[in-house]
Ligand SMILES: Nc1ncnc2c1ncn2[C@@H]1O[C@H](COP(=O)(O)OP(=O)(O)O)[C@@H](O)[C@H]1O
Ligand SMILES: [Mg+2]
């Protein structure tokens, strides 16, 4: 599925590609893998022979860990070259599904500093691997033109100062897009805070800004807390309404009725200690919004759509709006 | 009640100041659950809480709150202070417990929201 609604945006070619290309078509499928029976010393030689700096450890077709040159160096320093690779490898491996969009990989590789992502099918079997290199090569091929890293970065770091230039006329919407990382509590809420400020600068009525703020913050926290891969928030400001959608390719939700019950939460204890996980998030969103729709394919994705309608006078008169836009673009 | 009077009543200490001490506080509220802050927090409310993580600042910001009182003399981590500074939040600390801090403020005339009813409780 394609996250967000792209129809009303001016999108660059690269952006179009990263949102319409699936990971399986950009991955390298001839993956060099490490067998769990290998020792670190064998891994070292194997990596050197194959000129690679890291590889997934695979048992019965499934990725059980990942080992990198750093791990090799560490084992050398600690005199553990005889240890089995399974003792040294990182077991908390981030993988990406074959039919995920490239945008997801760009986010993980670019922002989180992962240098390689194993690609798996829905049974968790290894199909290939994507690295920044394979990704850029395939995008280049598809675009058939020179590719600059800066250009790609522009796509997912949407700066508040840009948004004002993107309003082309009264009836096309303005779209803000944010990626939210799972478990990243240092940045959790940042997107919501930016969204709130953008709406304030657009002179949306304060009551509506507040309601949107509450809903989008609860939704953002759900991406942080309940997904294992983060997700995306898309805010579309129209003349008559704000549409918000969050999409993630996380665990999904098996029983939609149950999670909508006020008080129901699967948040673990440590999350509750932070003050989250009261099970009131979706109820709060429902309460403050005009329309809310939660859909999910368990094991694959979750999508939350929220709509806030402006009353007839909710956006200030055009002159005011223009004034605020000039202010905003300075 | 203004901010200065509140600090007096709580024998509090200002950790981050972003507001004029003469600024009036329309009402107070207390919560240790972020969702409660979002559900019942209202514009201008002073929030009393036992939480000290940065999320409390973000949550308050979303709810339109700009004065936070940390109870039981807890020391917030530097990230919380930094975020409060950046986002225009005033942060105050008091040695009183949540119960007593609320009681003192209420007695001194800082009102609460009154009875709230959670609409749409079953759906
Ligand atoms: N994006 C998501 N992916 C998977 N599960 C989710 C997602 N969002 C919400 N949930 C589930 O819905 C439950 C209720 O969510 P919510 O009402 O926000 O309460 P809380 O976040 O406090 O648990 C969560 O505990 C979780 O099980
Ligand atoms: Mg929640």
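Quick check on residue A:175: is it modelled with pLDDT under 80, away from every other protein chain (no Cβ under 14 Å), farther than 18 Å from residue A:285 by Cβ and touching a strand residue (DSSP E or B) at 6+ places or on another chain (Cβ under 6 Å)?
Considered against the rule, which asks whether it is modelled with pLDDT under 80, away from every other protein chain (no Cβ under 14 Å), farther than 18 Å from residue A:285 by Cβ and touching a strand residue (DSSP E or B) at 6+ places or on another chain (Cβ under 6 Å), residue A:175 comes out as yes.
Among the residues of segment A:182-214, count how many are touching a strand residue (DSSP E or B) at 6+ places or on another chain (Cβ under 9 Å), closer than 22 Å to residue A:278 by Cβ and more than 11 Å from ligand 1 (Cβ to nearest atom).
7
Does segment A:236-261 hold any residues that are more than 11 Å from ligand 1 (Cβ to nearest atom) and more than 14 Å from chain B (Cβ to nearest Cβ), and which are they?
A:236, A:237, A:238, A:239, A:240, A:241, A:242, A:243, A:245
Within segment B:95-118, can one find any residue that is within 14 Å of chain A (Cβ to nearest Cβ), crowded, with 22+ Cβ neighbours inside 10 Å, part of a loop (DSSP other than H, G, I, E, B) and touching a helix residue (DSSP H, G or I) at 6+ places or on another chain (Cβ under 7 Å)?
In the first step, residues of segment B:95-118 are kept if they are within 14 Å of chain A (Cβ to nearest Cβ); the result is B:98, B:116-118.
If we keep only those that are crowded, with 22+ Cβ neighbours inside 10 Å as well, we get none.
No, that holds for no residue.
Give segment A:265-289 a look and list any residue that's within 13 Å of another protein chain (Cβ to nearest Cβ), more than 10 Å from ligand 2 (Cβ to nearest atom) and either out of contact with any strand residue (DSSP E or B) (no Cβ under 7 Å at 6 or more places or on another chain) or closer than 19 Å to residue A:238 by Cβ (or both), or say none. Give the steps one after another, and end with the answer.
Here is the first cut: in segment A:265-289, the residues within 13 Å of another protein chain (Cβ to nearest Cβ) are A:265, A:267, A:270-289.
From the residues that got through so far, the ones that are more than 10 Å from ligand 2 (Cβ to nearest atom) too are A:270, A:272-275, A:286-289.
Within segment A:265-289, A:270, A:272, A:273, A:274, A:275, A:287, A:288, A:289 meet the criteria.
Restricting to segment B:9-39, name every residue that is away from ligand 2 (no atom under 16 Å from the Cβ), over 12 Å from the mean Cα position of the chain (by Cα) and surrounded by 17 or more Cβ atoms within 10 Å (Cβ to Cβ).
Those that are away from ligand 2 (no atom under 16 Å from the Cβ), over 12 Å from the mean Cα position of the chain (by Cα) and surrounded by 17 or more Cβ atoms within 10 Å (Cβ to Cβ): B:9, B:10, B:12, B:15, B:16.
From the list A:243, A:222, pick out the single residue that is assigned to a helix (DSSP H, G or I) and within 22 Å of the chain's Cα centre (by Cα).
A:222
Can you confirm whether residue A:303 is on the phi < 0 side of the Ramachandran plot and at pLDDT 85 or above?
For residue A:303, the condition - on the phi < 0 side of the Ramachandran plot and at pLDDT 85 or above - is met.
Does residue A:194 fit the bill of being surrounded by fewer than 22 Cβ atoms within 10 Å (Cβ to Cβ) and over 23 Å from residue B:56 (Cα atoms)?
Working: surrounded by fewer than 22 Cβ atoms within 10 Å (Cβ to Cβ): yes; over 23 Å from residue B:56 (Cα atoms): no.
So residue A:194 does not fit the description; no.
The values are calculated or read from the model by the stated rules, or taken from the named source; none is laboratory data. No experiment lies behind these values; they were computed from the predicted model shown. Cβ coordinates were reconstructed from backbone atoms using ideal geometry, including for glycine residues, and neighbour counts include every protein chain displayed.
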